[in-house]
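Report on the structure given below.
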Amino acid sequence: MPTYETLPRFAADLDRLTPEQRHRFRKTVAAFVEDLRTGGRFRAGLRVKRVQRASGIYELTWSMGTGPAGRATWEYGPEHRPGTSHVIWRRIGTHDILTGP
């Protein structure tokens with residue numbers, strides 16, 4: 001099972017989401033974690049890609065229902081357990097978070 005941590009800015013962003021948006025994110029994270037456990041090849045529906053002009057930072061995108069798509073930025077951190085990915089969640093919200101990923 002991959003390990004993770006959240007930056008304070010991520011926690012503040014998460015608090016601003018609606019309960020439904022948080023629920024959709026949790027469902028997305030379940031798929032994300034499954035892909036990490038099975039080799040790190042992410043399914044197309046997660047739309048994982050590198051953030052331009054931000055070395056080592058990635059984003060994943062999902063539907064938040066009505067309105068703009070949800071996005072979360074993250075990076076790989078040092079492994080806490082050998083052979084297990086460690087993810088650092090950086091930001092969550094809409095496209096606007098990419099100005100300070």
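The values are calculated or read from the model by the stated rules, or taken from the named source; none is laboratory data. Not measured: the values here are computed from a predicted model. Please note: Cβ atoms are built from the backbone with ideal geometry, for glycine as well, and neighbour counts cover all protein chains shown. Quick note on the areas: whole protein, heavy atoms, side chains included, nothing else; ligands and nucleic acids left out. Shrake-Rupley method; radii C 1.70, N 1.55, O 1.52, S 1.80 Å.
Ranked by solvent-accessible area (1.4 Å probe, protein heavy atoms only, all chains present), the residues LYS27, LYS49 order from largest to smallest as LYS27, LYS49. Over region 12-55, the hull volume per residue, using the convex hull of the C-alpha atoms, is 108 Å³. Solvent-accessible surface of the chain, averaged per residue with a 1.4 angstrom probe and all protein chains in place: 61 square angstrom. Reported value for the chain: 98 Å³ per residue, from the convex hull of its C-alpha atoms. Dividing the helix sum by the residues of the chain, where each DSSP H run of 4 or more adds -39500 (n - 2.57), gives a mean residue ellipticity at 222 nm of -9000 deg cm²/dmol.
For the chain, the dipole from Cβ point charges (+1 on Lys and Arg, -1 on Asp and Glu) about the Cα centre works out to 220 debye, to the nearest 20.
When the accessible area of the chain is computed with all protein chains present and a 1.4 Å probe, what percentage of it is carbon and sulfur?
For the chain, the apolar C and S fraction of the accessible surface comes to 51 percent.
Counting heavy atoms of the protein chains alone, SER63 has an accessible area of about 70 Å² for a 1.4 Å probe. Result for the chain in a Gaussian network model with C-alpha springs under 10 Å: among GLY45, GLY67, GLY77, the largest mean-square fluctuation is at GLY67.
Multiplying the residue separation of ALA44 and THR66 by 0.36 nm and subtracting their alpha-carbon distance yields 5.8 nm. Contact order, relative form, for the chain: 32 percent (alpha carbon pairs under 8 Å, 6 or more residues apart, mean separation divided by residue count).
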